[in-house]
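Accompanying notes for the structure given below.
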């Protein structure tokens, strides 16, 4: 690096030119992403912000109604807080369960056993199935009369469970489906575990730490950056859950799985109220940003970055 | 150097700006997408000369698309200078239609039923002046079907086909249980009893769902009630009427003894039909469309009966129908009108309704086909006789929000066992607000 700079003309002007040239290359390299971001994200987002202050059914002229949509969701929409509450329950069930389960499986798969590669593949594979396909598979697994889960329960003498039609159970059934995708975070934890230097464990052993102690005092702190990343990504995706409700429950029974995003979707594409739907989407956007910000802020108290050499920041 | 940098900056700015524009026109893009992905292509018989090209959009696909395709083929045969491209959109039809209307890329002719939803904003062409000019005899259609084509004092489509709903039953399962076959004019309590008798482990008498108040309408009407006032603007005093309390109590009782396996989700109707065809469900509420296929397959011994009526009530069936419409900004409205006239008229509707697919909206065609005398189709004709109401969704444009509130009330009563009177009182008042 030093040699290269030395070979170039000296002086601050030349240095600035060189930087400019480098910058240009940089911009060019990220331009596919940048153009996509502006055209497919930023533009529509700005558009939806404008729409959120109007009443618009897509064909007619949009009517500006100021903050009317925002007032409506907090004052006169009987489904708004219900859907928000259901979504919050879902998020607070899915995110912690996913983190714990993913770490546990990753720990198991981090051992050097015969056929471990096969096991890793097997545990990762389910997360390749997503979306509508996944929901349809579960619609059969959960089928109350002919589904394999209830069949198995009956074989051992247990009563059938109304997985998707009992208002007290349906939401939990959807949580279980979300845990199906645990393979993706699991892989990240696995690579984080591989990154923990064996020196730490040796040192801990010398100090007389047992396996549990090693896990909580060595392993866990060292994979906290991965935990932070996973908590944030799974929080966002849990907030945006809509497909399972759309395909499996239709928001029922008795609206017990009527997620916020589903309400947004239905307002737009069943009621064709683009303005109201956009307004609700923006409130969710702000909510997710606030929650993510709170987690990022809290991370300085529990996330360790090894590179700092100083433990907690 | 300076120059090239400037050029680059400009290019970037241009790209960003173009992106913004593309983003803002997002709805236009998706409209084009919908129209450029036809699932089925039309046929062209003649080849020479300047062709008049039309696009025709329907939600039908596969087997149910065939009847319409047959009629279009005949139209093209008679009008060799036309070329009609059929676009089949089985999913999210309303969404595709509205986006294409918004971006002026709508097909020249499309099937439509929810006129209160499409007409505000002026996306559709009213057909009154065409009908008057060409002296189309609206009297050739059933009156109630014509009512479905009207909204806000204008006619927005010419009728396609129609079917009422009735109850299918599996004769073999009745024989096994030693239960006599149901007869037209049977009562609500007989219905509930029959469902109970036909339910045993692995088999249900009926599928009942709290999620679909559309199919509950015949019960409300037959008992002298309704979901919403005739003008579609009031639920308070209508939905929470004394008659409706009785109707909902009956429906709740029916729900309690019925299968709940298919009460959820988007694919419920098909799952229900499948459950019926495999003998897991003894009775099934549906339109007439698949009857001929079921008979041809010969897997079950099928019977059909009208909806049960309350003691002293009059049977009032529900009608599924739709119209052929065109967009206000269509490029070829005269040609589109020719296609619409043919498809809806005696000739087109005769081709479409052949093979017992559905009834024709043209009375003379129905009389000639004699479907009303077919033992399996007779109950569907009976359902039409005293039917004088159009579905709640076709009365007023704000219905869908109100419907969600009424539906939630029904769900709370069915699923959570909520008190009937107080629950529908509250829902009727909430929905009344949504309709204002």
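The values are calculated or read from the model by the stated rules, or taken from the named source; none is laboratory data. Note that the structure is predicted; figures quoted are calculated from it, not measured. Glycine gets a Cβ as well: all are built from the backbone with ideal geometry, and neighbour counts include every protein chain shown.
Given the conditions (1) farther than 30 Å from residue A:255 by Cβ; (2) assigned to a helix (DSSP H, G or I); (3) within 25 Å of the chain's Cα centre (by Cα), and given that residue B:334 satisfies all but one, which numbered condition is not satisfied?
The single condition residue B:334 does not satisfy is (3).
Take the residues in segment B:88-118 that are facing another protein chain (nearest Cβ under 9 Å) and either closer than 17 Å to residue B:323 by Cα or without any contact (Cβ under 8 Å) to a residue 40 or more places away in the chain (or both); name whichever of them is surrounded by the most Cβ atoms within 10 Å (Cβ to Cβ).
Looking at the filtered set, the residue picked out is B:118.
On the given criteria, is residue A:182 modelled with pLDDT of 90 or more, under 30 Å from residue A:300 (Cα atoms), in contact with a helix residue (DSSP H, G or I) (Cβ under 6 Å, 6 or more places away or on another chain) and surrounded by 13 or more Cβ atoms within 10 Å (Cβ to Cβ)?
When the stated conditions are applied, residue A:182 passes them.
Quick check, is residue A:159 within 14 Å of another protein chain (Cβ to nearest Cβ) and under 25 Å from residue A:83 (Cα atoms)?
no
Based on what the data block shows, is residue A:161 assigned by TED's automatic domain parsing to the domain that holds residue A:110, modelled with pLDDT under 90 and in a loop (DSSP other than H, G, I, E, B)?
Here the answer is yes, as residue A:161 does meet what is asked.
Out of curiosity, is residue A:147 within 14 Å of chain B (Cβ to nearest Cβ), surrounded by 15 or more Cβ atoms within 10 Å (Cβ to Cβ), in contact with a helix residue (DSSP H, G or I) (Cβ under 9 Å, 6 or more places away or on another chain) and at pLDDT below 90?
yes
Rundown of residues vs (1) within 14 Å of another protein chain (Cβ to nearest Cβ); (2) in contact with a helix residue (DSSP H, G or I) (Cβ under 8 Å, 6 or more places away or on another chain); (3) modelled with pLDDT under 95, yes/no style:
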residue: B:357; (1), (2), (3): no, yes, yes
residue: B:361; (1), (2), (3): no, yes, no
residue: B:367; (1), (2), (3): no, no, yes
residue: B:394; (1), (2), (3): no, yes, yes
residue: B:433; (1), (2), (3): yes, no, yes
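Regarding segment A:190-210, can at least one residue be identified that is more than 20 Å from residue A:135 (Cβ to Cβ) and surrounded by 20 or more Cβ atoms within 10 Å (Cβ to Cβ)?
Yes, segment A:190-210 contains a residue that is more than 20 Å from residue A:135 (Cβ to Cβ) and surrounded by 20 or more Cβ atoms within 10 Å (Cβ to Cβ).
Here are some conditions: (1) at the interface with another protein chain (Cβ under 8 Å from one of its Cβ atoms); (2) within 25 Å of the chain's Cα centre (by Cα); (3) under 30 Å from residue B:117 (Cβ atoms). Residue A:60 meets all but one. Which one does it not meet?
For residue A:60, the failing item is (2).
More than 11 Å from chain B (Cβ to nearest Cβ) and in contact (Cβ under 8 Å) with a residue 12 or more places away in the chain - does that describe any residue in segment A:24-32?
Taking every residue of segment A:24-32 in turn, none turns out to be more than 11 Å from chain B (Cβ to nearest Cβ) and in contact (Cβ under 8 Å) with a residue 12 or more places away in the chain.
Condition test on residue A:257, is it at pLDDT 90 or above and either more than 30 Å from residue A:58 (Cβ to Cβ) or buried (at least 22 other Cβ atoms within 10 Å of the Cβ) (or both)?
Against the criterion (at pLDDT 90 or above and either more than 30 Å from residue A:58 (Cβ to Cβ) or buried (at least 22 other Cβ atoms within 10 Å of the Cβ) (or both)), residue A:257 qualifies.
So which of B:209, B:192, B:235 ends up being assigned to a helix (DSSP H, G or I), farther than 30 Å from residue B:70 by Cβ and outside the structural domain of residue B:355 (by TED's automatic domain parsing)?
B:192
With a cut-off of at least 1 residues that are in contact (Cβ under 8 Å) with a residue 60 or more places away in the chain and within 25 Å of the chain's Cα centre (by Cα), name the helices (runs of 4 or more DSSP H) lying wholly within segment A:175-278.
A:183-194, A:220-239, A:260-269
Starting from residues that are assigned to a loop (DSSP other than H, G, I, E, B), without any contact (Cβ under 8 Å) to a residue 12 or more places away in the chain and out of contact with any helix residue (DSSP H, G or I) (no Cβ under 6 Å at 6 or more places or on another chain), keep the ones in segment A:57-76 and report whichever is nearest to residue A:241 (Cα to Cα).
In this case the residue turns out to be A:76.
Any residue in segment B:334-357 that is more than 17 Å from residue B:86 (Cα to Cα) and not assigned by TED's automatic domain parsing to the domain that holds residue B:134 sitting within a Cβ distance under 7 Å of a residue that is part of a helix (DSSP H, G or I) and modelled with pLDDT under 95? List the pairs, counting only those 6 or more apart or interchain.
If the second residue must be part of a helix (DSSP H, G or I) and modelled with pLDDT under 95, no pairs are left.
Would you please name the residue that is nearest to residue B:310 (Cα to Cα), looking only at residues in segment B:253-270 that are crowded, with 17+ Cβ neighbours inside 10 Å, within 13 Å of chain A (Cβ to nearest Cβ) and at pLDDT 50 or above?
B:255
Look through A:222, A:248 and report the one residue that is at negative phi, within 14 Å of chain B (Cβ to nearest Cβ) and either surrounded by 19 or more Cβ atoms within 10 Å (Cβ to Cβ) or in contact with a strand residue (DSSP E or B) (Cβ under 8 Å, 6 or more places away or on another chain) (or both).
A:248
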